[in-house]
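Encoded as structure tokens, the structure appears first; notes follow it.
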Amino acid sequence: EAQVTQNPRYLITVTGKKLTVTCSQNMNHEYMSWYRQDPGLGLRQIYYSMNVEVTDKGDVPEGYKVSRKEKRNFPLILESPSPNQTSLYFCASSPLGTWGGRWGNEQFFGPGTRLTVL
Amino acid sequence: QKEVEQNSGPLSVPEGAIASLNCTYSDRVSQSFFWYRQYSGKSPELIMSIYSNGDKEDGRFTAQLNKASQYVSLLIRDSQPSDSATYLCAGGSGNTGKLIFGQGTTLQVKP
């Protein structure tokens, strides 16, 4: 089954304790992205990657790190979590490439990780 | 102006009616547009994509794109209570694969 998986699904942690949220996709997609979703603020992009070893900042990258060593995996790292990083996090993936001359950016989302930082 | 703008709602329609959801976008957004459905606490699910001016139909859903007026809409025919969700409009931006999302419109379908 084609899917994006995330782990853990739920996490409660304390300020300053490093954590990693894993993301994996089995669709051979080049593009992967991390979002956070907060009430009233919608979905905001944290980081994205257009291919292995190619990553770039999204709209709210502060306090986060990512890596893309393999095509299928795109972990999100919080080196020193703070309470303002309490949120619902989504990983997404997408094929890239022209489609009739246009970029096909249909993104497929993982199930989400609900993070609480105390 | 926000890059992708939606009325937050809630939009309430009776069961069996047509629900009309609208979205406007700025000059930074172009080429590709998507509608996602999101149930509370769940991940966004892609339901429609549209790239060209005009209408695109898929079952009970019709997406409409008007690039001259910079709006995209989603019609849901024969609305069902199970359609009650938040609908997110998203547009592609540039050639980086980025999607810009609207805040979402909450749809309530009343039996």
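None of the figures in this text is laboratory data; all of them are computed from the coordinates on show. Keep in mind the model is a prediction, meaning the values are calculated, not measured. Don't worry about glycine lacking a Cβ; one is built from the backbone with ideal geometry, like all the others, and counts go over all protein chains shown.
Legend: mean number of C-beta atoms from other chains within 10 angstrom of residue C-beta atoms, peptide B:96-106, equals 6. Got the relative contact order for chain B handy, in percent, Cα pairs under 8 Å and 6 or more residues apart? It comes to 38 percent, rounded to a whole number. Summary of packing: across the peptides A:110-118, B:77-85, the per-residue average of other C-beta atoms within 10 Å ranks them, highest first, as A:110-118, B:77-85. The base-10 log of I(q)/I(0) for the protein assembly as shown, evaluated at q = 0.11, 0.16, 0.17 Å⁻¹, reads -0.55, -1.12, -1.24 [Debye formula, identical scatterers on Cα atoms, solvent excluded].
P(r) tail, chain A: Cα-Cα pairs separated by more than 16 Å, 58% of all pairs.
Taken about its Cα centre, chain A carries a charge dipole of roughly 240 debye when the Cβ of each Lys and Arg holds +1 and the Cβ of each Asp and Glu holds -1. Once backbone amide H atoms are built at 1.01 Å from N, B:Gln103 has B:Gln6 as its partners under 5 Å, excluding neighbours fewer than 5 places away on the same chain. Among the listed pairs A:Lys18/A:Lys65; A:Lys57/B:Lys98; A:Lys17/B:Lys98, a Cα-Cα separation exceeding 21 Å is found for A:Lys17/B:Lys98. Peptide packing for A:71-77, A:40-46, B:39-45 was compared via the average number of neighbouring C-beta atoms within 10 Å per residue; ordered from the highest value, the list is A:71-77, A:40-46, B:39-45.
Remark on chain B: hydrodynamic radius 13.9 angstrom, per the Kirkwood mean of 1/r across alpha carbon pairs. Any chance you could check the Cα centroid distance between the stretch B:1-27 and the stretch A:31-54 for me, in angstrom? So the two Cα centres are separated by 23 Å. 3J(HN,Hα) along the stretch A:35-43: 10, 10, 10, 10, x, x, 10, x, 8 Hz, from the Karplus curve 6.51 cos²θ - 1.76 cosθ + 1.60 with θ = phi - 60°, whole Hz, x for Gly and Pro. Averaged over residues, the count of other Cβ atoms within 10 Å places the peptides B:52-61, B:3-12 in the sequence B:3-12, B:52-61, highest first.
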